[in-house]
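Here's the structure we're looking at; comments come further down.
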Amino acid sequence: MSRFAEPMARLIEELKKLPGVGTKSAQRFAFHILRGSDEDAVALADAVRGLKASLRLCSICNNVTDVDPCVFCASPVRNQRQVCVVEEATSIGAVERTRYQGVYHVLHGTLSPLHGVGPEQLRTSGLVTRALSGVIDEVILATSPTLEGEATANWLASALRESKVRVTRIATGVPAGSDIEYADEVTMARALEGRREL
């Protein structure tokens, strides 16, 4: 038996489905909504409804967008022949801060055999089709330097091999501002592999 009234218990259960939100945080959010004004609650509900009703995936790159094609794919000033592949749409912001001027392709995940995610569950077919059609010159694989991210990058490099497109991988290694003394052996090995001449 729940110690909260049914509507409150239901909201807490729904909030717990959000990433990084446990029971305590969900309860705090639910009580904040309850204490807020009716207008704030309606605005939150409308924002969630509007998000689900208005957003879709770009037909070219799979980015989350309210227009199709998305602003990157439709831009006349971006380099449409250079494609940066990211795991999730949330990674685009980090790449954009570097002043990258190409376009993107969003996979919506990584290969993870333990979780039943194979190549057919990722959104890769559009990228392979674009590469084979000759409309792109370079694919930059910007997946995370995790086991799954590396496996995904290696699989994509193999899948793109017959297209003759240049496939590159983002460098990984010791982050700027950190102390080498605390770097693990994998990070140091990647840093040494990605070294460049000065």
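Would you please state the base-10 log of I(q)/I(0) at q = 0.09, 0.11, 0.19 1/Å for the chain, with intensities from the Debye formula using one equal scatterer on every alpha carbon? The calculated log intensity ratios at q = 0.09, 0.11, 0.19 Å⁻¹ are -0.50, -0.71, -1.28. In order along the stretch 12-20, phi translates into HN-Hα couplings of 4, 4, 5, 5, 5, 6, 6, x, x Hz, rounded to whole numbers, per the Karplus curve 6.51 cos²θ - 1.76 cosθ + 1.60 with θ = phi - 60° and x for Gly and Pro. Projected onto their three principal axes, the Cα atoms of the stretch 79-138 cover extents of 36, 29, 12 Å, largest first. Among the protein heavy atoms of the stretch 96-192, carbon and sulfur supply 55% of the accessible surface, probe 1.4 Å, non-protein parts ignored. A simple rule links phi to the HN-Hα coupling: the Karplus curve 6.51 cos²θ - 1.76 cosθ + 1.60 with θ = phi - 60°, which for the stretch 37-52 gives 6, 4, 5, 5, 5, 5, 4, 5, 4, 5, 5, 5, 4, x, 4, 5 Hz, with x for Gly and Pro.
Can you give the % of DSSP beta bridges in the stretch 1-137 that are antiparallel, to the nearest 5?
Details: 3 of 8 bridges.
So the antiparallel bridges amount to about 40 percent of the total.
For ILE60, the residues whose amide H sits under 5 Å from its own are CYS70, ignoring neighbours fewer than 5 places away on the same chain, with H placed 1.01 Å from N. Between LEU141 and VAL85, THR168, ARG169, ILE170, the built amide H atoms are under 5 Å apart, and every one of these is 5 or more places off in sequence or on another chain.
With the other protein chains left in place, how much accessible area per residue, in square angstrom, belongs to the stretch 53-198 at a 1.4 angstrom probe?
Values: 8900 Å² over 146 residues.
Here the per-residue accessible area is 61 Å².
Cross-link partners of LYS16 among lysines, defined as those whose alpha carbon lies under 26 angstrom from its own and excluding same-chain residues fewer than eight positions apart: LYS24, LYS52. For ASP184, the accessible surface of its heavy atoms amounts to roughly 70 Å² (probe 1.4 Å, protein chains only, rounded to the nearest 10). Across the stretch 160-177, rounded Karplus estimates of 3J(HN,Hα) from the backbone phi angles (6.51 cos²θ - 1.76 cosθ + 1.60, θ = phi - 60°) give 8, 4, 6, 7, 6, 6, 6, 10, 10, 10, 4, 6, 10, x, 6, x, 4, x Hz, Gly and Pro being marked x. Measuring with a 1.4 angstrom probe and ignoring ligands and nucleic acids, PHE29 comes out at about 90 Å² accessible. Projected label points at LYS52 and ARG123, each 7 Å from Cα along the beta carbon direction, are separated by 1.9 nanometres. Heavy-atom accessible surface of TYR100, to the nearest 10 Å², is about 30 Å², with a 1.4 Å probe and all protein chains retained.
The values are calculated or read from the model by the stated rules, or taken from the named source; none is laboratory data. Small disclaimer: the values here were computed from a predicted structure and weren't measured. In this analysis, Cβ positions are derived from the backbone assuming ideal geometry, glycine residues included, and neighbour counts consider all displayed protein chains. Just the protein is used for accessible areas: all its heavy atoms, side chains included, with ligands, DNA and RNA removed. Shrake-Rupley method; radii C 1.70, N 1.55, O 1.52, S 1.80 Å.
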